[in-house]
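Colleague: First the structure, then my questions, so here it is.
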């Protein structure tokens, strides 16, 4: 079971890395192409800004997934550092549970957006992409973040268990 969880965590990390690289690489390429078309050819691309925004949003989700996997988010550690090691791990686990609850709510609240965009057949202004696909992407990003946070929570809980075993021995 633990091996399967570690393998899934590794797979989530690799997919997130690839999508981060793809998002940033495409964002850089599209931005450079847009600048070339606007200032050299004097024929601006109407869709490039919209695509750049979507790519930046996607990069944010994949980067947040990586941050959750590796506990690299900004935090104020002043109070936490005053606590004993076990209390620090428990506090960290509670914060991860709260983050998971938020992400679950975020996943469920994107559903009405998707349904409404499907019903109204809303399209993005410049590219003409159905907006339900854009909103679906939000759901997928939140799901990736939720799984990353749950893997991080499992790692924190295993540290609490290791801390407890260390005191018993």
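The values are calculated or read from the model by the stated rules, or taken from the named source; none is laboratory data. Computed from a predicted structure; not experimentally measured. So basically every Cβ, Gly included, is an ideal-geometry build from the backbone, and we count neighbours across all protein chains shown.
Conditions (1) touching a strand residue (DSSP E or B) at 6+ places or on another chain (Cβ under 9 Å); (2) closer than 18 Å to residue 99 by Cβ; (3) modelled with pLDDT under 95; (4) surrounded by 16 or more Cβ atoms within 10 Å (Cβ to Cβ), marked per residue:
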| position | (1), (2), (3), (4) |
| --- | --- |
| 128 | no, no, yes, no |
| 140 | no, yes, no, no |
| 143 | no, yes, no, yes |
| 151 | no, yes, yes, yes |
| 165 | no, no, yes, no |
| 169 | no, no, yes, no |
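Colleague: Of the conditions (1) farther than 28 Å from residue 66 by Cβ; (2) modelled with pLDDT under 95; (3) surrounded by 13 or more Cβ atoms within 10 Å (Cβ to Cβ), residue 116 fails just one. Which one is it?
Modeller: (2)
Colleague: Moving on to the next point. Examine region 54-77 for a residue that is assigned to a helix (DSSP H, G or I), surrounded by 14 or more Cβ atoms within 10 Å (Cβ to Cβ) and more than 17 Å from the chain's Cα centre (by Cα), and state whether such a residue exists.
Modeller: There is no residue in region 54-77 that is assigned to a helix (DSSP H, G or I), surrounded by 14 or more Cβ atoms within 10 Å (Cβ to Cβ) and more than 17 Å from the chain's Cα centre (by Cα).
Colleague: If you don't mind, there's one more thing I want to ask. What single numbered condition from (1) over 17 Å from the mean Cα position of the chain (by Cα); (2) in a helix (DSSP H, G or I); (3) within 20 Å of residue 55 (Cα to Cα) fails to hold for residue 145?
Modeller: Condition not satisfied by residue 145: (1).
Colleague: Any residue that is part of a helix (DSSP H, G or I) and farther than 23 Å from residue 63 by Cα - is there at least one of those in region 119-141?
Modeller: Taking region 119-141 and keeping what is part of a helix (DSSP H, G or I), we get 119-120, 131-141.
From what is left, the residues that are farther than 23 Å from residue 63 by Cα are 119-120.
Yes, that holds for at least one residue.
Colleague: If a residue must be surrounded by 11 or more Cβ atoms within 10 Å (Cβ to Cβ) and either assigned to a loop (DSSP other than H, G, I, E, B) or over 17 Å from the mean Cα position of the chain (by Cα) (or both), how many such residues does region 1-15 contain?
Modeller: Counting residues in region 1-15 that are surrounded by 11 or more Cβ atoms within 10 Å (Cβ to Cβ) and either assigned to a loop (DSSP other than H, G, I, E, B) or over 17 Å from the mean Cα position of the chain (by Cα) (or both) gives 2.
Colleague: Against the definition (in a loop (DSSP other than H, G, I, E, B), in contact with a helix residue (DSSP H, G or I) (Cβ under 8 Å, 6 or more places away or on another chain), surrounded by 14 or more Cβ atoms within 10 Å (Cβ to Cβ) and in contact (Cβ under 8 Å) with a residue 12 or more places away in the chain), how does residue 51 come out, yes or no?
Modeller: Numbers: in a loop (DSSP other than H, G, I, E, B): no; in contact with a helix residue (DSSP H, G or I) (Cβ under 8 Å, 6 or more places away or on another chain): yes; surrounded by 14 or more Cβ atoms within 10 Å (Cβ to Cβ): yes; in contact (Cβ under 8 Å) with a residue 12 or more places away in the chain: yes.
It is false that residue 51 is in a loop (DSSP other than H, G, I, E, B), in contact with a helix residue (DSSP H, G or I) (Cβ under 8 Å, 6 or more places away or on another chain), surrounded by 14 or more Cβ atoms within 10 Å (Cβ to Cβ) and in contact (Cβ under 8 Å) with a residue 12 or more places away in the chain.
Colleague: Here's a follow-up. Do you know which residues across region 16-47 are part of a helix (DSSP H, G or I) and in contact (Cβ under 8 Å) with a residue 24 or more places away in the chain? So that I can check it myself, show each step before the final result.
Modeller: Here is the first cut: in region 16-47, the residues part of a helix (DSSP H, G or I) are 16-40.
Residues satisfying the conditions are 16, 17, 19, 20, 23, 24, 26, 27, 30.
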